[in-house]
Amino acid sequence: MSELRCLTVDLRDVSFMDSTGVAFLVSLRRHMPAGTEIVVAHAAPIVHRVLELCGMDTVLDLAEAWDTPAGPPDRLDATG
């Protein structure tokens, strides 16, 4: 059985984030297997800033907006 290596959280439709959203991402990080990368993609500048201010940039990969809707292929392949 293959292990999840990367999980992408697409925040394209999120225009506001408060402590509830941050708490969800913290919980997500805690429940993922060790070594699993969590990429936060398409975050609006204000959401990106909230995550930085909360220190989430040290535990999550705050990706810049991707050029393609699907994102980079190596980030989406959970099997390998």
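The values are calculated or read from the model by the stated rules, or taken from the named source; none is laboratory data. From a predicted model like this one, the values you see are computed outputs, not experimental measurements. Heads up, the Cβs are rebuilt from the backbone with ideal geometry, glycines too, and the neighbour counts pull from every protein chain shown. In case anyone asks, the SASA skips ligands and DNA or RNA and just uses the protein heavy atoms, side chains included. Shrake-Rupley method; radii C 1.70, N 1.55, O 1.52, S 1.80 Å.
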Problem - Filter result for the condition that a residue is among the hydrophobic types (A, V, I, L, M, F, W, C), under 11 Å from Thr8 (Cβ atoms) and modelled with pLDDT of 90 or more, over Ile38, Ile46 - result: Ile38
Exercise for the section: Considering only residues that are open to solvent by 50 Å² or more (accessible area, probe 1.4 Å) and part of a loop (DSSP other than H, G, I, E, B), look in region 7-30 and name the one that is nearest to Thr58 (Cα to Cα). Expected result: Asp18
Practice task
Kindly provide the set of residues from region 37-66 that are among the acidic types (Asp, Glu) and touching a residue at least 24 places away in the same chain (Cβ under 8 Å), ordered by number.
Solution key: Glu37, Asp61
Practice task
Starting from residues that are out of contact with any strand residue (DSSP E or B) (no Cβ under 9 Å at 6 or more places or on another chain) and not in a loop (DSSP other than H, G, I, E, B), keep the ones in region 31-48 and report whichever is surrounded by the most Cβ atoms within 10 Å (Cβ to Cβ).
Solution key: Ile46
